[in-house]
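To start, the structure under review is shown below, and the notes come after it.
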Amino acid sequence: MSPLHSSLYLLAGIILLYLGADYLVKGSANVARIFGVKPLIVGLTIVAFGTSMPEFMVSMFGVLHNVSDISVGNIIGSNIANIGLILGIAGLIAPITLKHDHVRRQLLILLAGSLIFCLFAYNGISRLEGILFLIIIIIYVAYLIRSAQKDKVREKLSVTDTSIFHNILYIIGGIIGLVIGSRGIILGATDIAEYFGVSQIIIGMTIVAIGTSLPELAASIMAQVKNESDISIGNIIGSNLFNMFFVGGGVATVKGLPIDISIYSFEVPSMLLFTLLLFPAIFISKGIKRIYAAGFLTLYILFTIILYMWR
């Protein structure tokens, strides 16, 4: 394909991913609430899984099409983009303040989870390790539900559409959008990488990672607009954990996930650095002021520039 056609495939795939995730979350959340599931539980489970589905589908198609570098780059790159780009933008819109201690506890879990992921992923993620990752994310969700009930965190969801038929259509449409969009992204990204001689890891770390992080970006911006700052940070922390253990684990369980060890020289340390930078912001300043947000965004831009220059 020509660069124009590849770019159109990529753009169309990103749009379909965003719409697919939105419809899947909307339909699934409404069905759960129709059957009496509490909004808080819906937010911590269905919404969390739904916003991670773009990363999961793209990474799955990447492995199935033997372009696992895009899959790995998508996981690591999305985690970096979530902190540097999304929290940077959200924090510039309005300072992010913490109202609940559970976010601080989740940050400690994120650091521990990141170290575990990096340790196990060093020689690639086997099927057995993938199953272990899935068990870890199940335990994390159970912890979220239990701790959130104690802290009484608010979670606002859209008004319920009480039509089962409509919501089933939302779910089916969302899944179709995710599948087609994921295939479009993989085809477009692979062709662009080959045409311009850019490595698949770079494409996965940047263009694909930003595209699959659009649901998290939308959720964080809306949380800021509605003055729900805790949701902005909690959404990002949860998403990063889901990317590593739900996306990485789920993909590895199907086929195993080979990993280029060279990413441990720059990309993996960068992910850990962005995670560590959250600690002074959250534990000392008790939130992300605009100066921190500007710093996160600046560092993300520098990361992207260095990545393209170095690789």
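Since every read-out is calculated from the coordinates, none of them should be taken as a lab result. The model shown is predicted, which means the values in this text are computed figures rather than measured ones. No Cβ is skipped: glycine too gets one built from the backbone with ideal geometry, and neighbour counts run over all protein chains shown.
Dipole orientation for region 3-310: of the candidates ALA294, MET244, ILE139, ILE139 has the Cα lying most toward the positive pole (charges on Cβ; Lys, Arg +1; Asp, Glu -1). Placing +1 on each Lys and Arg Cβ and -1 on each Asp and Glu Cβ, with no other charges, gives region 3-310 a dipole about its Cα centre of roughly 1040 debye.
Pair-distance distribution of region 206-311: all C-alpha pairs, bin width 5 Å, starting at 0; shares per bin in whole percent are 2, 9, 15, 24, 22, 15, 8, 4, 1. When the Cα positions of PHE279, PHE56, GLY77 are compared along the charge dipole of the chain, PHE279 comes out farthest toward the positive end, with charges on each C-beta of Lys, Arg, Asp and Glu.
Return the Rg/Rh ratio of the chain with Cα-based radii and a Kirkwood Rh.
Reported Rg/Rh (Cα atoms, Kirkwood Rh): 0.95.
The slack between ARG105 and ARG290, meaning 0.36 nm per residue of separation minus the straight C-alpha distance, is 64.3 nm.
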